[in-house]
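Enquirer: Can you keep this structure in mind? I'll have questions shortly.
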Amino acid sequence: MQIRKARFDTKRITLTASLGALYIIPRTIPLDRLIGISGAITFSGIVTPVLGVFLAPSYGILAVFLGTMIAAFIPGSAGTLKFGGLDFLGGALNVALISLLIRGRRTEATLTYVATLGLFIINPNTEIFVGANLPNLPPPFQWLRLPSPPVPYLWLHLVALSVLVSPLTRNVQDSFVFGARKDLAKAVLVVAFIGTMIEHVTGGILFASVVGAGALRFWPAIFLVYPLERAIIVLGAVLVCTPLLLASRDLIARYRLQEK
């Protein structure tokens, strides 16, 4: 029994290393420049559904950590370390949340998402509405003040939370194992969207914590840009992960149920 378990662990570690290597590739490719600090947002989120399917949350976190650290030292890589090396946390939560959803652990996934949103909200260097730090108008219009947008900064994150608790995620695991191409693509879209939004809000927490009060002046610009960035990542995930997962159905059936 111990020999079988050792072989099983070896297979999981090998799979983790392989998927960590897969994570490195998009991690080196820039998507957009970060606002307020040096560095770039990368395309790493386009492969997280694949990692979430094959790896349990703990192994998924390990794969992201290894991939992040290795990508940071590749010459010319966009995946340089930020926030003192803690930027792997966003990708780690992304993969962990997807892994939980695919294994039917929706309650744990929801609690993780809500807790992360809560940490963002209570941070003194974040904003719910960004109007307080919109720039003043030039003279002679300096007496005017632009109002905050009528939607909160976290509006798209709240949309993702609604999707997370909706029937769309109730049996999402079946689409990865048995679903036709259309159903699989829809499932990838759903989990990639939720995953990239928890990654984004985690990055916001790190940004606010590291930059401090200076972060307050950047939220209006981030508010305008982040929906487009997240849309590109989700679309990329659908285009990349759907054919990969469709071609890996036998492996999915074998590995998805090995660890709940």
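Enquirer: Please give the per residue accessible area of the chain, computed with a probe of 1.4 Å over protein heavy atoms only, in Å².
Expert: Details: 12460 Å² over 260 residues.
I get 48 Å² per residue for this part.
Enquirer: Using a 1.4 Å probe and counting only protein heavy atoms, arrange K11, K182, K82 so the residue with the most accessible area comes first. Spell out each step's value before the answer.
Expert: Working: K11 125, K182 170, K82 20 Å².
Largest to smallest exposure gives the sequence K182, K11, K82.
Enquirer: Sum -39500 (n - 2.57) across every DSSP H segment of at least 4 residues in the chain, then divide by the residue count to get the 222 nm mean residue ellipticity, nearest 500.
Expert: Values: 10 runs with 163 residues, N = 260.
Taken over the chain, the calculation gives -21000 deg cm²/dmol.
Enquirer: For the chain, return all DSSP H helices satisfying: extent of Cα atoms along own axis at least 30 Å; mean Kyte-Doolittle hydropathy at least 0.0. Walk me through the intermediate numbers first.
Expert: Details: long enough: 2-27 (37 Å, -0.05); 181-211 (43 Å, 1.25); 219-246 (40 Å, 1.84).
TM-like helix candidates: 181-211, 219-246.
Enquirer: Of (i) 18.7; (ii) 12.7; (iii) 15.5, which one was derived for mean projected area of the Cα convex hull in nm² from the structure shown?
Expert: Of the listed options (i) 18.7; (ii) 12.7; (iii) 15.5, (iii) comes from this structure.
Enquirer: Work out which chymotrypsin sites (Phe, Trp or Tyr not before Pro) in the chain are exposed loop sites (DSSP not H, G, I, E or B, at most 14 other Cβ within 10 Å) and give the longest gap free of them.
Expert: On the way: sites that count: F73, F141, W143, F178.
So the longest stretch without any such site is 179-260.
Enquirer: Can you give the FRET efficiency for L246 and T14, using 1/(1 + (r/R0)^6), R0 = 30 Å, r = Cβ-Cβ distance, to the nearest 0.05?
Expert: Given R0 = 30 Å and the Cβ-Cβ separation, E is 0.85.
Enquirer: How much of the pair distance distribution for region 179-260 lies past 22 Å, counting alpha-carbon pairs only, in percent?
Expert: Numbers: 1429 of 3321 pairs.
Result for the distance tail: 43 percent.
Enquirer: Still on this model: Would you kindly find the accessible area of D183, with a 1.4 Å probe and non-protein molecules such as ligands, DNA and RNA excluded, rounding to the nearest 10 Å²?
Expert: Surface open to solvent at D183 totals about 70 Å².
Enquirer: Additional query: Computed from the mean reciprocal separation of all distinct C-alpha pairs, what Kirkwood hydrodynamic radius does region 195-238 have, in Å?
Expert: On the way: mean 1/r = 0.0888 Å⁻¹.
Computed over region 195-238, the radius equals 11.3 Å.
Enquirer: If Lys and Arg each add +1 and Asp and Glu each add -1, what is the summed charge of the other residues whose beta carbon sits under 11 Å from the beta carbon of A160? Working shown, then result.
Expert: Working: positive: R230; negative: E199.
Once positives and negatives cancel, what remains is 0.
Enquirer: Leaving out ligands, DNA and RNA but keeping every protein chain, what accessible area does T10 have, in Å² rounded to the nearest 10, with a 1.4 Å probe?
Expert: Solvent-accessible area, nearest 10 Å²: 80 Å².
Enquirer: Could you grab the relative contact order for the chain? Cα pairs under 8 Å, six or more apart, rounded to a whole percent.
Expert: Numbers: 389 pairs, mean separation 63.3, N = 260.
Computed over the chain, the figure is 24 percent.
Enquirer: Work out the FRET efficiency for T107 and A231 from their Cβ-Cβ distance, taking R0 = 41 Å, and round it to the nearest 0.05.
Expert: Details: r = 28 Å, r/R0 = 0.68.
Once rounded, the FRET efficiency stands at 0.90.
Enquirer: When all protein chains stay in place, what accessible area (Å², nearest 10, 1.4 Å probe) is found for V190?
Expert: Only protein atoms counted, so the area is about 10 Å².
Enquirer: Please give the contour-minus-distance gain from L119 to V151: 0.36 nm per residue of separation, less the Cα-Cα distance, rounded to one decimal in nm.
Expert: Numbers: separation 32, 0.36 × 32 = 11.52 nm, distance 1.96 nm.
9.6 nm is the gain from fully extending L119 to V151.
Enquirer: From the gyration tensor of the Cα coordinates in region 57-102, what semi-axes in whole Å does the equivalent ellipsoid have, largest first, with each one equal to sqrt(5λ)? Spell out each step's value before the answer.
Expert: Values: eigenvalues 93, 20, 12 Å².
The answer is 22, 10, 8 Å, longest axis first.
Enquirer: Which net charge results when you count Lys and Arg as +1 and Asp and Glu as -1 among the other residues whose beta-carbon is under 12 Å from that of A187?
Expert: Values: positive: R170, R181, K182, K186; negative: D174, D183.
With Lys, Arg at +1 and Asp, Glu at -1, the net is +2.
Enquirer: Can I ask one more? Excluding same-chain pairs closer than 8 in sequence, count the lysine pairs in the chain whose Cα atoms lie under 30 Å apart. Before the final figure, lay out each step's value.
Expert: Numbers: K5/K260; K11/K186; K11/K260; K182/K260; K186/K260.
Number of lysine pairs found: 5.
The values are calculated or read from the model by the stated rules, or taken from the named source; none is laboratory data. Being a predicted model, the structure only gives us computed values, none of them experimental. Cβ atoms come from the backbone with ideal geometry, glycine included; neighbour counts cover every protein chain shown. The protein model used for the area step is the full one, side chains on, heavy atoms only, and it has no ligands, DNA or RNA in it. Shrake-Rupley method; radii C 1.70, N 1.55, O 1.52, S 1.80 Å.
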